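Before any comments, here is the structure.
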Amino acid sequence: MQAGKASVIFDRPPYILGGASIAGKKEGQGPLGKLFDAVEEDDMFGKDNWEEAESELQKRTVKLAIEKCGLANRDIRYLLGGDLLGQLIATSFGVMELEIPLYGLYGACSTMGEAMGLGAMLTAGGFADKLAALASSHFATAEKQFRYPLEYGNQRPYSATWTVTGCGAVILSPRPEGDPEGKITAVTTGRIVDLGVKDSMNMGAAMAPAAFHTIWQNFQDLRVNESWYDKIITGDLGAVGRKILLDLMRKNGHDLEKVHMDCGIEIFDPESQDTHAGGSGCGCSAVTLCSYILPKLKKREWKRVLFVPTGALLSTVSFNEGQSVPGIAHGVVIESP
């Protein structure tokens, strides 16, 4: 099933049985608000601190995804997921009581693509009958960890993005049980790309080269081009990163202008919501996938998409030590069921 340098094409594609998305109040006020399974008006999710709030968000979303597929916790062989917090505390504390074997993953904002890619390989290889793939982020936990305390009230440059409060989860299976929403026909694993960007307030510029490399590698490995896809969907490049990606692709002979879509641009309304360059965070691509992309595939409005969540691999330590911000992006080819 190996293809080219970094891809896998599945002889028997694993199916996405269903998914769930829960988002915060601000996200619920955006263009996709009516598509989410639930919008939580209380960003604390009834908890005492932001980190517990994100854990509660994860737990609710996974449970909802399992329930929507008519399954129980005991039916899920593995759970693959992650978040942006140190040592994945939102995930580990959030899913602990579900008692499902866990692979905790960190790919920054590319984590949903990483989870789905690994999950597809596990199910296609016969190592899991059913598994859950998920990722979450929370505006307040991300700001607290990576930037400034919210009370500081610092100004944000226009290149900055707004971390999405949200979680998306999908259930994968080797068989098309029930009414599946899609199937994963191939994955392209990204590599770390670092062009020396050091501005933590411009994640689009840091991640765009990685997105370019993964999309270009997917074309090479699968021997296709942009016309093969109804949409090529990046995770959270935002307005700045999108322009860079399109320029890089154009210089290498590919025009993505009409086929490209970015979850970070779709999730907020630039006219009524002040999010500067758009949305970001693990939850950005995850909730957009579950609420908007998969229903399009299920209805066959789109036949095939390349889903490319993008991540900036920085930490507070690396940034404070003056290191640059490497990027990574993982590609998942999803087709109508």
Worksheet item: When you go through Asp43, Asp75 one by one, which is the residue that is in contact with a Lys or Arg (Cβ under 8 Å, 6 or more places away or on another chain), over 15 Å from Ala20 (Cα atoms) and at pLDDT below 95?
Response: Asp43
Item to complete: Tell me which residues, restricted to region 285-331, are in contact with a helix residue (DSSP H, G or I) (Cβ under 9 Å, 6 or more places away or on another chain), closer than 25 Å to Gln87 by Cα and either among the charged types (D, E, K, R) or in a strand (DSSP E or B) (or both).
Response: Val308, Thr310, Gly311, Ala312, Gly327, Ile328, Ala329, Gly331
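Each row is one residue, and each column tells you yes or no for (1) modelled with pLDDT of 95 or more; (2) farther than 19 Å from Lys34 by Cα.
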position: Ile265; (1), (2): no, no
position: Asp269; (1), (2): no, no
position: Gln273; (1), (2): no, no
position: Ala277; (1), (2): no, yes
position: Cys284; (1), (2): yes, no
position: Leu289; (1), (2): yes, no
position: Pro295; (1), (2): yes, no
position: Lys303; (1), (2): yes, yes
position: Pro309; (1), (2): yes, yes
Worksheet, complete the sentence: Among Asp75, Asp43, Asp129, Asp48, the single one that is over 24 Å from Thr234 (Cα atoms), acidic (Asp, Glu), surrounded by fewer than 19 Cβ atoms within 10 Å (Cβ to Cβ) and without any contact (Cβ under 8 Å) to a residue 40 or more places away in the chain is Asp48
Worksheet item: Quick one: which of Glu143, Glu99 is of a type in the set (Asp, Glu), surrounded by fewer than 24 Cβ atoms within 10 Å (Cβ to Cβ) and without any contact (Cβ under 8 Å) to a residue 24 or more places away in the chain?
Response: Glu143
Worksheet item: Taking region 241-288, which residues are touching a Lys or Arg at 6+ places or on another chain (Cβ under 9 Å) and under 20 Å from Asn225 (Cβ atoms)?
Response: Leu256, Glu257, Val259, His260, Met261, Asp262
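Tell me whether region 139-156 contains one or more residues that are within 27 Å of Gln29 (Cα to Cα), of a type in the set (S, T, N, Q) and within 15 Å of the chain's Cα centre (by Cα). First the steps, then the outcome.
Pass one, region 139-156, residues within 27 Å of Gln29 (Cα to Cα): 139-156.
Going one step further and asking which of them are of a type in the set (S, T, N, Q), we end up with 141, 145, 154-155.
Okay, now just the ones that are also within 15 Å of the chain's Cα centre (by Cα), so none.
No, region 139-156 has no match at all.
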Worksheet item: Restricting attention to region 187-204, which residues are out of contact with any Ser or Thr (no Cβ under 6 Å at 6 or more places or on another chain), modelled with pLDDT of 95 or more and crowded, with 24+ Cβ neighbours inside 10 Å?
Response: Val187
Response to the item:
Contact list, first residue from region 314-337 and of a type in the set (Ser, Thr, Tyr), second anywhere and in a strand (DSSP E or B), beta-carbon distance below 7 Å, six or more apart or interchain, is Ser336/Gly182
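The values are calculated or read from the model by the stated rules, or taken from the named source; none is laboratory data. From a predicted model like this one, the values you see are computed outputs, not experimental measurements. Using ideal geometry, Cβ is built from the backbone for each residue, glycine included, and neighbour counts are taken over all protein chains shown.
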